[in-house]
Amino acid sequence: MVFSDRTPARPGLERNTMDSFAGTHRPTEGISLPEVRAQVKKLEEDYRAAGIPLSGRIIHVCHYLPVHASFATLASAQGLPSPPATPTAKPTDIAFEPIAQVSITAEEIDGVPINESQPIDPRDRWSLSVRYGHSAMVSGISSLSATHEQLLIGWTGDIDTVHPATPALIAPSPAIPGVVEPPSGRVLTSQLEDRDKQGLEDLLNTYRSRDEVSEGGKKISYIPVWLDDKQAHEHYDGYCKQTLWPLFHYLLWQDVATEYASADAHWEPYAAVNAAFARRVEEVYKPGDLIWVHDYHLLLVPGLLRQALPDAAVGLFVHTPFPSSEIFRCLPRRKEILDGMLGANLICFQTYSYSRHFTSTCVRVCGYEITPQGGIDVQGHVVAIAYCPVGVDAERVMKDTLRPGIQPKLEALRALYEGKKIIVGRDKLDVVKGVVQKLRAFEKLLQDYPQWIGNVVLIQVTSPALSDSPKLERQVSELVAHINGEYGSLDFIPVHHYHQTIKKDEFYALLSVADLGVITPLRDGMNTTSMEFILAQERTKRSPLVLSEFMGISSNMTDALQINPWNLGEVAAAMNRGLTMPEAEKLERHQRLYRVVTTHTSHSWAAMLAKMLLTHVGSQNQARQTPFIPKGNLENHYRAAKKRLFLLDYDGTLSPIVKVPSMAVPSPDTLEALERLTADPKNIVYIISGRDGAFLEQHLGHIQNLGMSAEHGGFVRSPGEKEWSNFTENLDMSWMAEVLEVFKYYTERTTGSHIEVKKSSITWHYRSSDPEWGLFQCHQCQDLLQNNVARKRPIEVLVGKKNLEVRPLAVNKGEIVKRILYFHPDAEFVFCAGDDKTDEDMFRALLLFPGDATKAHMDPPLSVTLIEKEPVEKFQPVDLALTRDSVFTTAVGHSSKRTLAAWHVTAPEEVVEHLLLLVRDPEEPAAPHSNL
Ligand SMILES: O=P(O)(O)OC[C@H]1O[C@H](O[C@H]2O[C@H](CO)[C@@H](O)[C@H](O)[C@H]2O)[C@H](O)[C@@H](O)[C@@H]1O
């Protein structure tokens, strides 16, 4: 299991057996549902005792509500046939079960009610039925109602009229190629009045799902997101289905759609729908809630929530595969999508390999760094990455396999194929499900193992996919006809293909009767049919399963016969092996698979999600959150002070980080801020940088009275002076040649890296290298330098932003800060800003008020001796005029970044903005280049 977070230190809040649960590949390693629930309970109790706020609620944000709503309109009720007993099936249905249907006459709803004193309750115009699909997720969520109060936020989906005038199947719209729009027989959201919407919300308040009822726990609140119909379809049928879904399944767009227009089409509705979901969450959120956002439809929601609810605990579960970075990087909106996802505190995938792909994509596409614990560092905001495969509701499925309707169907199938082995396949007819490959492999079985001709049948059921592909349907039919023509006879048909939605009983009868299950997707996030197969077989044959290795579930199902679906010979051999497997081996494999499926259930998955996010909440509450710098307070102290110090880092603080170091030139705003600050005689302003003096002089040397320190404290040029003092001139610098050799060695082996040689320090940069290789080489190089060169030499090896720097041990930025303070003890205000580890030395030097101290003293720093050439004893300690509140140490980065600074801002532009705020007259019009 990958779980990256900061390990909590507080007793009772330890990370526990989670690591041994979700990533386990052997069933015996799993922990039971009661155990996970007990751990969740314990965590919550410990947090409450420790004062960490928890509401006890979980908000799930899902694309759809798990119920389908129908609305009685005037038109639908006039002269139309009575509602069918079973409404029209959706493509994802196995069966459609109405829950509550209301019969309304035209008079009742035709404008003015019959009795005006008794207006019709808008709730009565609505009826609800179960929406099938995503059953694993929905049953997992429902099971959590045993322990938590929950809210489920989702789109209503298309709203049918109670008496559909036309079949409620989605029809392609000619207006947006490939995008579907509601045909007549639907009610558009825009046609609904507010009271109608409220009617549905009220009805949903009374709704309880079968699973919730059986859990007997707390009621789930179902909260609809009202979307504009066109936008909703462009979001789902457009960006989700045409752009993200193919990409996540390793299909590039030109390969799926002949009339491929742009992978960027429908981006706007995708973003708008995500924003609508985020707004809905904001409306219902209470501090202490845990929020789980589900799946690829809502990848921008975590980022939007992070902005709106900075303290919220947000998890994102990605139910689909996540492709390798080489595929993902093709997405035009890759940065927006990744940053949206990274708004979460925790991102969880179905498998380790999906999580690894994601991490590597963040490194390669965004240049983010990985923390030692495997989290992703987004400017100091660390996002934990985990994986936890979803399972099925094993108990429910086992009950379903006992439905009385199944046995007669099973017997009928047995009788029909008596004397023959039965291979069963049931897939959605969708290119990635590998049905074509399965049929070809079946043909190969008959070719390579002719003894099976006449003795084995393949029953393949395909259910229509949402985006039905006539080409694929034709291909499958032709292939079936070809195999049957080639290997069939008057009394033997090898392939029986049914392209239809089948009922639950038929489905389980089919799985139960099989001598072999064959599931061959080219890519599949998880695949629940394989789990249902194992459960259905428990009471019948314990038949083996041939499983594609390209499915999320495969990493858990190691006792299935795993195959590469593209290797037809391998699949055929696996089919033969499965059909001829000795009974004892079948039983052994089945028992192990059965244990996996009954241990890793949808219920334990959902409990794990709760536990993982809770664990993260605990670690976050322990991590110090650095508050945003208080503008007013800063300004007040500045104005009140007679003398002020500004101690400013350069790269990443006054200038944003850019790819090429020489391109990091100061912006007009930065120059203006520095010019104005230094023009005020009350201000002492220093740039304290790792850059060399030449760079600083080139870009900032023209600013009168600007003090500068170069090379991490190696050099200093006091305000108003032209000469640099060199703190390193008396130091042994012979190490430089040795370090240079090491850096050259790594530069030769790391394409894109380069060396920056300064006067008394050297920097090796790898920002333009392959990010993973560059980082790996950086670690190797750092190791070599620290364990060899630095042991013998007076040097320090610093890990910077995509660089490795070596400088003399005797100097650092903290020493310069102490020196400046020592020579300006009368300063009454300090503003010190920096972004990286070397700047922490400055913040440390400014920790002037330990404990209850109210006064600060300054011992003469060692650096005074280097310039004044006097022994340090000559210098006396000084009393500082500063107060605790007048020292503004400020880290540039996320609030959760580890720093000694008291305050934070998120970007260099904000540092400059704050400086300008201090020096500009509020009445003065902003300069044309200004951001203010
Ligand atoms: O102390 P600083 O002023 O923050 O300088 C630290 C180092 O900054 C420079 O490198 C960094 O910034 C570059 C420009 O944005 C970027 O391309 C590079 O990847 C960063 O590591 C500079 O080149 C170094 O000499 C400084 O020591």
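Just so it is clear, none of the values below were taken in a lab; they were calculated from the coordinates. Worth saying up front: this structure is predicted, and the values here are computed from it rather than measured. Quick reminder, even Gly has a Cβ in these numbers, built from the backbone with ideal geometry, and neighbours come from all protein chains shown.
Nearest 10 degrees is fine. How inclined is helix 735-748 to the longest principal axis of the chain, computing both from alpha carbons?
For 735-748 against the chain, the angle is about 30 degrees.
Highest first, please rank the peptides 906-913, 366-373, 198-205, 136-143 by the mean number of other Cβ atoms sitting within 10 Å of their residues.
For the peptides 906-913, 366-373, 198-205, 136-143, the packing ranking is 136-143, 906-913, 198-205, 366-373.
Relative to the compact-globule scaling 2.2 N^0.38 Å, provide the ratio for the alpha-carbon radius of gyration of region 182-249.
Normalised Rg, Cα atoms only: 1.49.
On average over all directions, what projected area in square nanometres does region 627-710 have, based on the convex hull of its Cα atoms?
Mean orientational projected area (region 627-710, Cα hull): 6.1 nm².
Give me Ile59, Ile223, Ile347 ranked fewest to most by other Cβ atoms within 10 Å of their Cβ, as a rough exposure proxy.
Ascending Cβ contact count within 10 Å gives the list Ile223, Ile59, Ile347.
Show log10 I(q)/I(0) for region 394-600 at q = 0.12 Å⁻¹, two decimals, from a solvent-free Debye sum over equal Cα scatterers.
The calculated log intensity ratios at q = 0.12 Å⁻¹ are -0.56.
Listed here are the pairs Lys722/Lys802; Lys41/Lys286; Lys230/Lys471; which of them are more than 25 Å apart at the Cα?
Pairs exceeding 25 Å: Lys722/Lys802; Lys230/Lys471.
If we count other beta carbons within 10 Å of each Cβ, what is the order of Val665, Val919, fewest first?
Val665, Val919
Average the reciprocal distances over every distinct pair of alpha-carbons in region 734-807, invert the result, and give the Kirkwood radius in Å.
By the Kirkwood definition, the hydrodynamic radius is 11.9 Å.
Nearest 10 degrees is fine. How inclined is helix 194-206 to the longest principal axis of the chain, computing both from alpha carbons?
It works out to around 80 degrees.
What FRET efficiency would be calculated for the residue pair Ser768, Glu741, taking the C-beta separation as r and a Förster radius of 35 Å, to the nearest 0.05?
Approximately 0.95, to the nearest 0.05.
Please give the length that would be gained between Glu45 and Asp852 if that part of the chain were fully extended, namely 0.36 nm times their separation in residues minus their C-alpha to C-alpha distance (nm, one decimal).
287.2 nm
Quick check on the chain: helices-only [θ] at 222 nm, where DSSP H runs of length 4 and up contribute -39,500 (n - 2.57) each and the sum goes over total residues. Nearest 500, please.
Counting only the DSSP helices, I get -10500 deg cm²/dmol.
Measuring from label point to label point, each 7 Å out along Cα→Cβ, what is the Leu809 to Glu418 span in nm?
Each label point is offset 7 Å from its Cα along the Cβ direction, giving 9.1 nm.
For the chain, what number results from the quotient of the Cα radius of gyration and 2.2 N^0.38 Å?
1.13
How would Tyr239, Tyr746 line up from fewest to most surrounding beta-carbon atoms within 10 angstrom?
Fewest-to-most Cβ neighbours within 10 Å comes out as Tyr746, Tyr239.
If you line up the long axis of helix 33-49 against the longest principal axis of the chain, both from Cα atoms, how many degrees apart are they, to the nearest 10?
Roughly 30 degrees between the two axes.
Given labels modelled 7 Å from the Cα in the Cβ direction, how far is it in nm from Tyr498 to Ser734?
Modelled inter-label distance: 8.7 nm.
Mind ordering 516-529, 416-429 by average Cβ neighbours within 10 Å, highest first?
Those peptides, ordered most packed to least, come out 516-529, 416-429.
When all C-alpha to C-alpha distances in region 310-374 are sorted into bins of 10 Å, what percent of pairs does each bin hold, rounded to whole numbers?
Binned Cα distances yield the sequence 21, 57, 21, 1.
What's log10 of I(q)/I(0) for region 823-911 at q = 0.11, 0.19, 0.22 Å⁻¹, Debye sum over Cα points only, no solvent?
Log10 of I(q)/I(0), two decimals: -0.38, -0.94, -1.09.
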